[in-house]
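Note sheet for the following structure.
The values are calculated or read from the model by the stated rules, or taken from the named source; none is laboratory data. Computed from a predicted structure; not experimentally measured. Cβ coordinates were reconstructed from backbone atoms using ideal geometry, including for glycine residues, and neighbour counts include every protein chain displayed.
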Ligand SMILES: [Mg+2]
């Protein structure tokens, strides 16, 4: 029918294809700096995406920058490591803007979980390709996390691993500091409320994962994903600290749940109580204390991920 064809052609002509506009925020203390970001920007600009970088004003954090500039942008690109993504999370949830990840950190565990390249220019290609996926976030006492939240050994590790050690030693820094903390680790008692039950445990560390990778080469659970609607809980209930050395290969692969001295389960909500308040580490930063109420926030944000 010629009439219909005519209408369609007119409709197409009237559709104005607006240029996409990305807001770029970069952690100024990122391990890999300006050269990597320039390469990533180049890829996006060549793909026809307008990129505007905004920096924090005095007293502002990454989330504030995103909130202040949300209007007029189609998505946010965050340049940094897992700590930077964690800092951006509240603003991403509030504004609903999709997230493009430009990995500039030491470990880039979240990027690895969703298959984004650690190479900033390649990560930019993923953003330019435009495939979005709903991604879950974990939440503990109102603090969001991408990868994992831990109480015990890991929380102490983050406290002791200074920015200086991270920059100087990279992944090796984790190993050195971890060995030092192992030597003085003690078990503690915790009550774990989940799925209608309460378990009393003696543990060295409790972790609650949203994604798969954390801590620069560790794995929460080998099949865990950041979009399965589940939290993966595990607790290291070892008799001696040196048991952890035997468990280490499994902790890296995410198969530790098979051992007798590791308690592991999946859930959507769990509360951990201890006799004295203990720090909770979320994606490498101390953010809250026990009692710690964890819950999953299914598909809380949209993230550009590689196709296929
Ligand atoms: Mg999950």
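Here are some notes:
- Residues in region 28-54 that are in a helix (DSSP H, G or I), out of contact with any helix residue (DSSP H, G or I) (no Cβ under 8 Å at 6 or more places or on another chain) and at pLDDT below 90: 34, 35.
- When region 253-271 is limited to residues that are more than 16 Å from the ligand (Cβ to nearest atom) and either touching a residue at least 24 places away in the same chain (Cβ under 8 Å) or part of a loop (DSSP other than H, G, I, E, B) (or both), the one that is nearest to the chain's Cα centre (by Cα) turns out to be 253.
Residues checked against (1) in contact with a helix residue (DSSP H, G or I) (Cβ under 8 Å, 6 or more places away or on another chain); (2) within 20 Å of residue 297 (Cβ to Cβ); (3) surrounded by fewer than 22 Cβ atoms within 10 Å (Cβ to Cβ); (4) at pLDDT 95 or above:
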| site | (1), (2), (3), (4) |
| --- | --- |
| 78 | yes, yes, no, yes |
| 85 | yes, yes, no, yes |
| 93 | no, yes, yes, yes |
| 124 | yes, no, no, yes |
| 140 | no, yes, no, yes |
| 143 | no, yes, yes, yes |
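- Residue match in region 126-134 (condition: within 11 Å of the chain's Cα centre (by Cα), within 13 Å of the ligand (Cβ to nearest atom) and under 16 Å from residue 298 (Cβ atoms)): no
- Once region 214-237 is narrowed to residues that are closer than 18 Å to residue 280 by Cβ and assigned to a strand (DSSP E or B), the residue that is farthest from the ligand (Cβ to nearest atom) is 236.
- Of everything listed in (1) within 16 Å of the ligand (Cβ to nearest atom); (2) under 28 Å from residue 88 (Cβ atoms); (3) assigned to a strand (DSSP E or B), the single unmet condition for residue 211 is (3).
- Residues of region 61-76 that are more than 21 Å from the chain's Cα centre (by Cα) and either modelled with pLDDT under 95 or exposed (fewer than 15 other Cβ atoms within 10 Å of the Cβ) (or both): 68, 71, 72, 74.
- Verdict on residue 150 being modelled with pLDDT of 90 or more and either under 20 Å from the mean Cα position of the chain (by Cα) or outside the structural domain of residue 51 (by TED's automatic domain parsing) (or both): yes
- Hits in region 282-294 - residues which are within 16 Å of the ligand (Cβ to nearest atom) and either part of a strand (DSSP E or B) or surrounded by fewer than 18 Cβ atoms within 10 Å (Cβ to Cβ) (or both): 282, 294
- Selection status of residue 224, crowded, with 17+ Cβ neighbours inside 10 Å, closer than 30 Å to residue 130 by Cβ and touching a strand residue (DSSP E or B) at 6+ places or on another chain (Cβ under 6 Å): yes
Yes/no matrix, rows are residues, columns are (1) closer than 23 Å to residue 101 by Cβ; (2) in contact (Cβ under 8 Å) with a residue 40 or more places away in the chain; (3) more than 16 Å from the ligand (Cβ to nearest atom); (4) in a strand (DSSP E or B):
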position: 239; (1), (2), (3), (4): no, no, yes, no
position: 246; (1), (2), (3), (4): no, no, yes, no
position: 251; (1), (2), (3), (4): no, no, yes, no
position: 280; (1), (2), (3), (4): no, yes, yes, yes
position: 296; (1), (2), (3), (4): yes, yes, no, yes
position: 306; (1), (2), (3), (4): yes, yes, yes, no
